[in-house]
Structures are given as structure tokens and as C-alpha cells.
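Step one of this worksheet: look at the structure below.
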Amino acid sequence: MNANKGPLRDLITAWAVMTALALTPAALAGDPAGAGAEAGAAAPATTLVFDKNPDDPTDSTLSVHRDGRLRAAYRAGSGLGVQDDCARAKGWIPDGNWEIRSRTRTYDGDLIKGYAVHLQDMTCSRGTVTRTGIFIHSETDRDGGEGTSETRRWDGPGDYASNGCVKLNPKDIGELFRLLDRIGWPTHLRVLP
């Protein structure tokens, strides 16, 4: 969690993790994220939480929890420093429980390449804009390696800025995929205010 947020933020994060754990079995019924759960099998108790930092949206935290225990936390950003979740292509990701639609290590979109977790479309807090094309991703080539152009090369803290996606550095997103492959993929990303 972000160290500068205090005990109240920690309690809210713990509540969100427990809520996500309660939602996971029902959400897995259709196995939308390809987590590999067999019919009737126990759902993996893995949760993914994005804890937004209102002081600096590009210095937020993406954390992985398994059975209520913190397994990993990564610095992540969302937006271009704009806290308005209705500001398309510049505001941070709206709060809520985002379904994970798909994941791949070799995404080949126009703007996003390599490791990518595609999230559902969701309406912003005021209901005026539907945020589409939202991912958890980094700046890499299609194969997940570092590229040479600015949009494919990680240059430092300024690269945590995004058009609203949750953005990690390339090393961390690779580690995230390896960890979730090992302990089980969640079906949702919980975004906290």
C-alpha cells in the first residue's frame, strides 16, 4: 500500500480485498478470464487491487493478495495526473470492480504492445462517459521486450502516466504475470478511491 495514506486507507484496502474474495466464486462461474477453473472447482482466492494515490496518480499501487495475504505490491500509475475519471484519455481509471476480459504476453494494439490485461468497459463516476480500451500494461514491444522508440522504451517515473490505463514498469508487469500464473489469476481488478 502507499505508505503516505495512513491507517484508514489500509482498512479500506483490507475491506476491498475481503469484498473481492467474497465475489470471486460467483464471478468464476463462467471463467471469463480463462483462469482454468473446472466446473464446481474451488475458486482461486487471488485478488488484484489498484489503490489510487490522490496526491500523485502516477505513484499509486497495484497489489496482489492471495487468501487475504499481500503477495506483491507494485508502483503503478493511471491517467495524466488528472483525477477526473470522466476525462477520456487523460483521467485516471474509475473506481469499482473491473472484470478481467483477457490477458496476453503478446498484445499487438496500436498503442499497447506486449504484456496486457484487458479490462471491461465501465461508465465513469458521473455516468457521462464510458471508459473503453482500459488495460493493465507497460511500455514494451509486442514480445514484451524493451523497444527503441519513446512509446516502447521505459525511461523512468514519467512513464507511469497513461491515458487512463493502469501502467507498470516492464520488469514489474512481467513479474506480475509470472506470479499470477503460479498462484491463480483473479477475475476482477478492484479499484479503490
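The values are calculated or read from the model by the stated rules, or taken from the named source; none is laboratory data. Here the structure is a predicted model, which is why all the values come from computation and not from measurement. Here the Cβ is made from the backbone with ideal geometry for all residues, glycine too, and neighbour counts use every protein chain on show. Surface accessibility is based on the protein's heavy atoms, side chains included, excluding ligands, DNA and RNA. Shrake-Rupley method; radii C 1.70, N 1.55, O 1.52, S 1.80 Å.
If you go through region 137-160, how many residues are closer than 20 Å to W98 by Cα and part of a loop (DSSP other than H, G, I, E, B)? Matching residues across region 137-160 total 1. Kindly establish whether R190 is charged (D, E, K, R) and either open to solvent by less than 10 Å² (accessible area, probe 1.4 Å) or more than 11 Å from the chain's Cα centre (by Cα) (or both). When the stated conditions are applied, R190 does not pass them.
The residues of region 166-178 that are open to solvent by 10 Å² or more (accessible area, probe 1.4 Å) and touching a His at 6+ places or on another chain (Cβ under 9 Å) amount to a single one, K167. With the requirement that a residue be assigned to a strand (DSSP E or B) and open to solvent by 10 Å² or more (accessible area, probe 1.4 Å), what does region 117-129 give you? Passing the criteria: H118, M122, T123.
Apart from one condition, T140 fits all of (1) among the β-branched types (V, I, T); (2) open to solvent by less than 10 Å² (accessible area, probe 1.4 Å); (3) within 25 Å of I183 (Cα to Cα); (4) at pLDDT 95 or above; the exception is (4).
Condition check for L111 on (1) touching a strand residue (DSSP E or B) at 6+ places or on another chain (Cβ under 6 Å); (2) at pLDDT below 95: one failure, at (1).
Within this structure, R182 fails the test of being touching a Gly at 6+ places or on another chain (Cβ under 9 Å), outside any loop (DSSP other than H, G, I, E, B), open to solvent by 10 Å² or more (accessible area, probe 1.4 Å) and of a type in the set (K, R). Any residue at all in region 66-81 that's surrounded by 14 or more Cβ atoms within 10 Å (Cβ to Cβ), of a type in the set (F, W, Y) and either more than 17 Å from N169 (Cβ to Cβ) or more than 15 Å from the chain's Cα centre (by Cα) (or both)? Scanning region 66-81, I find no residue that is surrounded by 14 or more Cβ atoms within 10 Å (Cβ to Cβ), of a type in the set (F, W, Y) and either more than 17 Å from N169 (Cβ to Cβ) or more than 15 Å from the chain's Cα centre (by Cα) (or both), so the answer is no. Evaluation of M1 against the conditions (1) open to solvent by less than 50 Å² (accessible area, probe 1.4 Å); (2) in a loop (DSSP other than H, G, I, E, B); (3) at pLDDT below 50 shows that the sole unmet condition is (1).
State yes or no: is T132 touching a residue at least 40 places away in the same chain (Cβ under 8 Å) and loosely packed, with under 12 Cβ neighbours inside 10 Å? Answer is no for this residue. Of the numbered criteria (1) on the phi > 0 side of the Ramachandran plot; (2) surrounded by fewer than 14 Cβ atoms within 10 Å (Cβ to Cβ), the one T148 fails is (1). Do we have any residue at all in region 38-55 that's among the charged types (D, E, K, R) and at pLDDT below 50? Yes, some residue in region 38-55 is among the charged types (D, E, K, R) and at pLDDT below 50.
Applying the criterion of being closer than 12 Å to N163 by Cβ and part of a strand (DSSP E or B) to the residues of region 82-116, the residue that is most open to solvent (accessible area, probe 1.4 Å) is V82.
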